[in-house]
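The values are calculated or read from the model by the stated rules, or taken from the named source; none is laboratory data. None of the values given here were measured: they were computed from a predicted structure. With ligands, DNA and RNA removed, areas are computed over all heavy atoms of the protein, side chains included. Shrake-Rupley method; radii C 1.70, N 1.55, O 1.52, S 1.80 Å.
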Amino acid sequence: MSNLIASVQFAPDKAEVAKNLDRLAKIVRDASEAGAELIVTPETSVTGYYLEGGVLESALTAEALTQELGKRFAGHARPFDVLVGYYESHREDVFNSASYFEWSGTELRCIHTYRKFFLPTYGVFDEERFIARGHELGVFETRFGRVGVLICEDIWHSILPTLAAMAGATILLVPSASPARGFSGPNPGNWERYRRLLIATAEEHSVFCVNSMLCGFEGGKGFVGGGMVVGPNGDVLGQSPIGEEHVLLTEIHFDDVSVSRAGSPLLSDLRSAWSDVVRLASDLR
């Protein structure tokens, strides 16, 4: 059995929450009409990335986002799941979050909210000055099985994909907002790094990786785009163009995960050694 996945490449209008939600809702509905059952939007797609000190004014609670999206999906009869990246207001803090929703055809339900774990604060990034860091692993049950979420820099640290795979994830959703940098080759250097990371992660753990990239310009910085879907053998199943809005539709077969793990039992090897891995990690404290 196959499922159609949509990776949305989107250029939001900075801090224009209602306008971005209108546009995202239409893109999601159109992707669903095209047959997509799981739709992934980029990191901070509701607001844009570089809000810095203005982040609080544009942050939404998960409940408010559920309500706003639910109104915009009303009348759409086809069920779908969608991951939406945004700045989340939660208790006394603001987080760089992604909420996973299930639309039944009549009702929108928030299944899980993941808060970005690794906050880059170097070079062109200044996240930890303005937002709080999440502390939980983003793995949860869906109608497609166990899904893991990693936001942008989270996948640059191999420990989180490893923990997600150990927690049972068979598909990793990776919403990102990555300013283009490194122009010595035919493609931006950060995009080349993403390609290597996604392929290596998928291949090592026999998981699908679905990467959805922000594009457009904010404050003179251009987001790279080029999101992709990678299969559990490390094969690139589909790729969006660099630097422009796009909806990438990719057919995947979840049965490929078990086939890949039978042929390359690296995750099984890790599970058998896991108690020693935990012991070694504990010794590092």
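With protein chains left intact and a 1.4 Å probe, residues in the chain average 43 Å² of accessible area per residue. Potential lengthening of the chain between Arg271 and Asp126 amounts to 48.6 nm, from the contour at 0.36 nm per residue minus the alpha-carbon distance. For Ser178, the amide hydrogen comes within under 5 Å of the amide hydrogens of Leu214, Val224, Gly225, counting only partners 5 or more places away or on other chains and with H modelled in the peptide plane.
Antiparallel versus total DSSP beta bridges in the chain: what percent is that, nearest 5? Counting only bridges with both partners in the chain, antiparallel ones make up about 70 percent.
The share of C-alpha pairs in the stretch 55-172 whose separation exceeds 16 Å stands at 62 percent. Phi-derived couplings, Karplus 6.51 cos²θ - 1.76 cosθ + 1.60 at θ = phi - 60°, listed residue by residue for the stretch 109-114: 10, 7, 7, 6, 10, 9 Hz, with x used for Gly and Pro. Rounded to the nearest 10 square angstrom, Cys152 shows an accessible area of 10 square angstrom against a 1.4 Å probe. Spread over its residues, the convex hull of the C-alpha atoms of the stretch 96-142 is 93 Å³ per residue.
Distance between the C-alpha centres of the stretch 123-153 and the stretch 11-36: 21 Å, rounded to the whole angstrom. In vacuo Debye scattering of the chain, one point per C-alpha: log10 I(q)/I(0) at q = 0.08 Å⁻¹? Taking Cα atoms of the chain as identical point scatterers yields -0.31. Subtracting the Cα-Cα distance of Gln67 and Ser2 from their residue separation scaled by 0.36 nm leaves 20.3 nm.
The relative contact order of the chain comes to 19 percent, based on Cα pairs under 8 Å that sit 6 or more residues apart. Taking only the Cα atoms of the stretch 1-115, the radius of gyration and Dmax are 13.5, 47 Å. Each residue of the stretch 126-142 is assigned a 3J(HN,Hα), and the resulting list reads 8, 5, 5, 6, 10, 9, 8, 9, x, 10, 10, 7, x, 10, 7, 7, 9 Hz, derived from the Karplus form 6.51 cos²θ - 1.76 cosθ + 1.60 (θ = phi - 60°), x at Gly and Pro. Expressed per residue, the C-alpha convex hull volume of the stretch 158-207 stands at 80 Å³.
Between Ala34 and Ala262, full extension at 0.36 nm per residue minus the direct alpha carbon distance yields a gain of 78.8 nm.
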